[in-house]
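See structure below.
The values are calculated or read from the model by the stated rules, or taken from the named source; none is laboratory data. For clarity, every value in this text was computed on a predicted model and none was experimentally measured. Methodologically, a virtual Cβ is constructed for each residue, glycine included, from the backbone with ideal geometry; neighbour enumeration extends over all protein chains shown. The area values use the complete protein model at the heavy-atom level, side chains included, leaving out ligands, DNA and RNA. Shrake-Rupley method; radii C 1.70, N 1.55, O 1.52, S 1.80 Å.
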Amino acid sequence: MTLAEVFRHVETLDGDPWPSVRELAMSGDGSLIPPVQAALERYLDEGNWYGRDLMVYILAGLRGVAAFPLLLRAFARPLRGNDLDNFCAWLADIMETDPAACRPTIMSFIATGHRDLRSAGLWALGHVVQPSDVELLRQALADPDPRIRQDALGALGVPRPAAT
């Protein structure tokens with residue numbers, strides 16, 4: 001299956017794309033990066049979490065840690081009917097591979113005033129948290145936004161309360 005066939009699969013849901021998706025992700029073919037990034041943006045705009053996940057997997061395989069800023073930004077985009085299980089696992093793999101390379105992106109997301117980016121950054125911080133993050137997390141725990149407080153709790157490893 002070519003990349004074009006993966007795109008077609010997202011539209012038709014015919015067949016199993018995963019053998020080809022894995023092959024494309026491990027191919028090392030840098031020429032795939034621009035069309036995969038464009039498709040990722042298109043699927044995000046369309047609210048298509050399944051297409052998003054296929055493109056995230058390919059980009060994570062092709063770019064590794066270098067894809068982390070783009071992928072965390074995609075993670076921050078709210079989608080209706082969003083299934084985040086696989087996406088979370090792939091982001092966690094990247095963060096575990098090179099936490100030091102991921103921390104600057106995470107910290108910049110937390111520092112932003114944008115709720116969704118900040119929330120994604122706090123979620124990611126839970127995978128690379130350090131003792132020096134205590135003050136930052138203390139501030140997030142005092143945030144008036146319940147989602148930010150919940151994500152700060154999650155970064156500390158505290159089970160999150162039901163959404164309010």
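Being assigned to a helix (DSSP H, G or I) and β-branched (Val, Ile, Thr) is the filter; apply it to the stretch 127-154 and report the residue that is nearest to Met95 (Cα to Cα).
For the stretch 127-154, the residue satisfying everything is Val128.
What is the one condition in (1) open to solvent by 80 Å² or more (accessible area, probe 1.4 Å); (2) out of contact with any His (no Cβ under 8 Å at 6 or more places or on another chain); (3) under 29 Å from Val21 (Cα atoms) that Glu135 does not satisfy?
Of (1) open to solvent by 80 Å² or more (accessible area, probe 1.4 Å); (2) out of contact with any His (no Cβ under 8 Å at 6 or more places or on another chain); (3) under 29 Å from Val21 (Cα atoms), only one is false for Glu135: (3).
Only one of these conditions is not met by Ala66: (1) at pLDDT below 95; (2) under 21 Å from Leu117 (Cβ atoms); (3) open to solvent by 50 Å² or more (accessible area, probe 1.4 Å). Which number is it?
Of the numbered conditions (1) at pLDDT below 95; (2) under 21 Å from Leu117 (Cβ atoms); (3) open to solvent by 50 Å² or more (accessible area, probe 1.4 Å), the odd one out for Ala66 is (1).
Exactly one of these conditions fails for Val128: (1) out of contact with any Cys (no Cβ under 8 Å at 6 or more places or on another chain); (2) open to solvent by less than 60 Å² (accessible area, probe 1.4 Å); (3) not assigned by the TED database to the domain that holds Ala60. Give me its number.
(1)
Check whether at least one residue in the stretch 46-61 is of a type in the set (Val, Ile, Thr), surrounded by fewer than 22 Cβ atoms within 10 Å (Cβ to Cβ) and in contact with a helix residue (DSSP H, G or I) (Cβ under 7 Å, 6 or more places away or on another chain), and report yes or no. Outline the logic, then answer.
Step one: list which residues in the stretch 46-61 are of a type in the set (Val, Ile, Thr), which gives 56, 58.
With surrounded by fewer than 22 Cβ atoms within 10 Å (Cβ to Cβ) added as a condition, the list becomes none.
No: zero hits.
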